[in-house]
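Take a look at the structure below.
The values are calculated or read from the model by the stated rules, or taken from the named source; none is laboratory data. What you are looking at is a predicted structure, and each value in this text was computed from that prediction instead of being measured. We place every Cβ from the backbone using ideal geometry, glycine too, and count neighbours over all the protein chains shown.
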Amino acid sequence: MPNDYSPNSAARRRAIALNAVDAQLLLIINLPVVLSSMTTRQLHKVQKVLDAAVVNPVIKAEADDLYRRSVTHKVGELVIQDPKMERRADQINQGMIWVTEKDKHIRLDFEKLLASDALEPRTDNPDEAEYLLKVRRTLEKQGVWLRITQPLVRDPNDSKYGTNPHNFEVWLSLGYGGEAIPTATNLGLLDRDAILGNQVLGAHYYEEVSRGKVQRGLETQIALLDDDIADGEKEHNRLIKRYENATPGVAEISDAVGGADLPSRSIWNDPKKMLLKARDLNVHGDVMGSQAYLVVAAIATRDAAQSLTTYADKSTAGAGSFITILEVAKTAGEIAGVCLTVTGVAGLARGVVGRVSAEESVDALAERVVNQYISKNAEANNELLRMVGRLNSPKGSIGGGVKPGSSLGAGTGWSKW
């Protein structure tokens, strides 16, 4: 039976004599942050593994030599040994340091290794905050473990692979036998890069945050609004072409009688700019910024479509486009509403609806979301600030309803295209 190992035992003294790797030195070189967080008992456990690597092979060789020399006679399969030499071999074997696989796995206090901001969200994405809470629970449940291994090295004499008793690797893993937590650049500190560098935690971050419900929800609404703007522009161009192909003077007289004024193509410029910005911010993980730009783009699209709806309703030249443009406005308004619920404004929206109209509630919530984003982002694009001002414009302007005969400031007739 192997002996009981202790820091002052004969086995420890023999390990020193055999130049066993020093546990503190090994950890200082590779994981100094981990060393500073370990207890004396944990450090002794590491040293035990390192000492066993040099002591046990020597003891085994000595005992095996005595076992071989203790054989006095062999008769067939019967082996007769010298009892005294056999007992000596057994006694030598008892000097081995008992090490199991469990000794090479040491659970650490991960809180002592955790960087202060490691689990703090870096964005306003609620999916990120939720996922980082899951990470903490995972660390608490599975633990962070110090692992001790000996890499295989090739023997130059016979091309076989084995281990060197003076060559060890120490590293961290998520769970007793889990995937590694990278420590090459942070010396054992559990910072953001180390935690998400773990294959499991990093993969789940991508699935639940980068491709989580919030960013995917915004991505879907961005694609829908892109199609909606394209439909609006298509109908707008059809109206322009129909107007231009009308009998000279007839279209102008018809519009003048009906109080209609066909807006300029430029009414789609702002929605498209805002949409491009929303897409870029979402790709880079700024979901609140993406939401702000997307909801403004959606409302600007809705208002642009409403201006065309007004023209189509009042002009003989636009009679065939009323339903199509109305659908574009309706879809854009719905996109704005969905956009506000994607990052958790749904409860707020439900509280507003009932006191004011659905359209007004969307505008009010949009203004709140945009102003909140601007207050936290001084570098917010001037285009967004300008658009917020237009959303707050009085009725009859681009941001509000449409008065009969008003061009919403977007155009004064076909000659302005």
Against the definition (within 30 Å of G285 (Cβ to Cβ), in contact (Cβ under 8 Å) with a residue 12 or more places away in the chain and touching a Gly at 6+ places or on another chain (Cβ under 7 Å)), how does L113 come out, yes or no? yes
Does the range 71-117 hold any residues that are among the hydroxyl-bearing types (S, T, Y) and over 33 Å from the mean Cα position of the chain (by Cα), and which are they? T72, T100
Kindly evaluate T301 against the criterion of being in the same structural domain as C339 (by TED's automatic domain parsing), under 15 Å from G232 (Cα atoms), modelled with pLDDT under 90 and in a helix (DSSP H, G or I). no
Specify which of the listed residues (Q94, Q142) is modelled with pLDDT of 95 or more and out of contact with any Ser or Thr (no Cβ under 7 Å at 6 or more places or on another chain). Q142
The residue from I335, I325 that alone is under 20 Å from D270 (Cβ atoms) and either modelled with pLDDT under 85 or in a loop (DSSP other than H, G, I, E, B) (or both) is I325
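Name the helices (runs of 4 or more DSSP H) wholly within the range 55-151 that hold at least 1 residues that are surrounded by fewer than 19 Cβ atoms within 10 Å (Cβ to Cβ) and β-branched (V, I, T)?
In the range 55-151, the matching helices (runs of 4 or more DSSP H) lie at 126-142.
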Quick check on the range 23-54: of everything there that is assigned to a loop (DSSP other than H, G, I, E, B) and surrounded by 16 or more Cβ atoms within 10 Å (Cβ to Cβ), which residue is farthest from the chain's Cα centre (by Cα)? M38
Residue tally, condition under 20 Å from P121 (Cβ atoms) and without any contact (Cβ under 8 Å) to a residue 40 or more places away in the chain, over the range 183-193: 1
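Quick one: which of K104, K134, K84 is modelled with pLDDT under 90 and either basic (K, R) or under 19 Å from P32 (Cα atoms) (or both)?
K84
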If you scan the range 168-182, which residues turn out to be in contact (Cβ under 8 Å) with a residue 40 or more places away in the chain and either touching a Cys at 6+ places or on another chain (Cβ under 9 Å) or assigned to a loop (DSSP other than H, G, I, E, B) (or both)? F168, Y176, G177
